[in-house]
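Before any comments, here is the structure.
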Amino acid sequence: MDLDLVISGGTVATASDVFSCDIGIKDGIIVQLGHDLGPAKETIDATGHYVLPGGIDSHVHIAQPSGEGIVMADGFESGTRSALFGGNTTILPFCLQEKGQSLREALTGYHALAEGNCYTDISFHLIVSDPTAAVLGQELPALVADGYTSFKVFMTYEGLRLNDAEILATMDVARRTGALVMVHCENEDAIAYLIGRHEAEGEVRPRAHATTRPVAAEREATHRAMSLAEIVDVPVVIVHVSNGAAIEEIRRARARGRKVVSETCPQYLMLTAADLEGMDWEGAKFVCSPPPRDETEQEACWNGLEEGTFDLFSSDHCPFRYDDPEGKLNPKGAANFRHIPNGIPGVETRLPILFSEGVVKGRIDLSRFVALTATNQAKVYGLYPQKGTIAIGADADIAIWDPTAQRTIRHAELHDGADYSPYEGLAVTGWPTTVILGGKVMIREGALVGAKGDGAYRSRGLSSLIAARG
Ligand code: DUC
Ligand code: ZN
Ligand code: ZN
Ligand code: ZN
């Protein structure tokens, strides 16, 4: 049996081990690990390189309706292309249920947009915004059985947020089906109160986005989400944690024996509220929720990555163009921060930033990097062990990294549909140079050789990390 591909001479890292070995691939699957493999139709020499599981980014927004006249900067083609160039082989975008819509209807739309257009594998989380009896009683359980095994609820945003009763009822579907609930934790009433006060004082600049969404609003909602999950007795994922107080709440809940999965994102390590001050309206480029905080909170998030509180490091890629009437500077947004769409691009820069700032600077080791960016992502969201690791029988989804590459992040060299990067000018060490999806070379030495449509939709099983925690 000739192998299709051998990756030789590299340093392979998994979430537990770093070792020197060659990888043999056949029919899209890793079939051999060892030395002197072959013969093979093709061999890639990875000498001097790291060979890592392809990144999995479980928190990505693509083609999501975002309010009147606002258009997300990425569809599935540009979003997955950007993800691929950043060393990812699977992303999990959200399927937003709009009010009055069934989840199936919403899914039909996203699948139609994604079909034939993806450079990475994809799978969808659902966002439940209209938890009617029919949705919770029949539709959602049926979709969980069909492989849509995670759904997100929001505690903020008028028109999207669920009240506590609705959150409890939605969590109960997770209890009955084994699905996983993700929660966006910010207290909407507190934010609305602060927005009212800021507007009364005439403070409508982008920086008010941060001061109207303080740490206390996130901490309280984080505590409440975990309490509601405790009452229902289900695990819960706290997404995009931005600060030390919320981290403390998560640690306390776990000390009580609660199953909590937690995630942080590059913006909470690299940006601060001071970025929202910007020149003129430039601060709009950094408007995301929760907002970037300060250096103390950045350190708290690093600590949570280092000592193990965070399971997941995801991008929360949510791209809007800046200089665009359909983006950040829409006519209303250019006059009042409330109307600046929330979210920033970052699917391509997530891995290089954590590698450079975390691994190269000695804050986390290479195995922890792999765990946070691939293995735990697969375990939490039901893709493991098919994805998220380098093992015999796993999909041959692999990123080959040049750990010494020196790059300065320039949006002009990225591949998303936005018109800026919040990390413009950041110098990083290390970049994925060759990316392989299901045994097919998609990026070879920095050049795109794969085609849109090479990525496919993957249905998912139930979360194995949760099961493993008993
Ligand atoms: N929440 C997200 O998860 N992404 C972007 C905006 C938001 O509020
Ligand atoms: Zn060898
Ligand atoms: Zn959110
Ligand atoms: Zn998000």
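Which residues, taken from segment 32-75, are in a strand (DSSP E or B), more than 16 Å from ligand 2 (Cβ to nearest atom) and hydrophobic (A, V, I, L, M, F, W, C)?
52, 56, 60
Looking at 74, 57 in this structure, which one is within 16 Å of ligand 4 (Cβ to nearest atom) and under 20 Å from residue 371 (Cα atoms)?
57
Among 400, 390, 436, 443, which is the only one that is in contact with a strand residue (DSSP E or B) (Cβ under 6 Å, 6 or more places away or on another chain) and either part of a loop (DSSP other than H, G, I, E, B) or without any contact (Cβ under 8 Å) to a residue 40 or more places away in the chain (or both)?
390
Starting from residues that are of a type in the set (Asp, Glu) and open to solvent by less than 30 Å² (accessible area, probe 1.4 Å), keep the ones in segment 211-255 and report whichever is nearest to residue 273 (Cα to Cα).
That would be 218.
Residue 258 is checked against (1) outside any loop (DSSP other than H, G, I, E, B); (2) of a type in the set (D, E, K, R); (3) away from ligand 1 (no atom under 14 Å from the Cβ) and fails just one. What number does that condition carry?
(1)
Pull out all pairs, ordered by first then second residue, where Cβ-Cβ is under 8 Å, the residues are six or more apart or on different chains, the first lies in segment 316-331 and is under 20 Å from residue 60 (Cβ atoms) and of a type in the set (A, V, I, L, M, F, W, C), and the second is outside any loop (DSSP other than H, G, I, E, B) and away from ligand 3 (no atom under 16 Å from the Cβ).
none
With 378, 374, 412, 418 as the choices, which residue is at pLDDT 95 or above, under 19 Å from residue 317 (Cα atoms) and open to solvent by 50 Å² or more (accessible area, probe 1.4 Å)?
None of the others qualify; the one that does is 412.
Please enumerate the residues belonging to segment 65-81 that are more than 13 Å from the chain's Cα centre (by Cα), within 16 Å of ligand 1 (Cβ to nearest atom) and modelled with pLDDT of 95 or more.
Within segment 65-81, 70, 71, 72, 73, 74 meet the criteria.
Go through (1) within 20 Å of residue 355 (Cβ to Cβ); (2) of a type in the set (Val, Ile, Thr); (3) open to solvent by 20 Å² or more (accessible area, probe 1.4 Å); (4) part of a strand (DSSP E or B) and name the single condition residue 7 misses.
(3)
The values are calculated or read from the model by the stated rules, or taken from the named source; none is laboratory data. Note that this is a predicted model, so its numbers are computed, not measured. Positions of Cβ are generated from backbone atoms using ideal geometry, with glycine treated the same way; all protein chains shown enter the neighbour counts. Side chains are part of the model used for accessible areas, which takes the heavy atoms of the whole protein and leaves out ligands, DNA and RNA. Shrake-Rupley method; radii C 1.70, N 1.55, O 1.52, S 1.80 Å.
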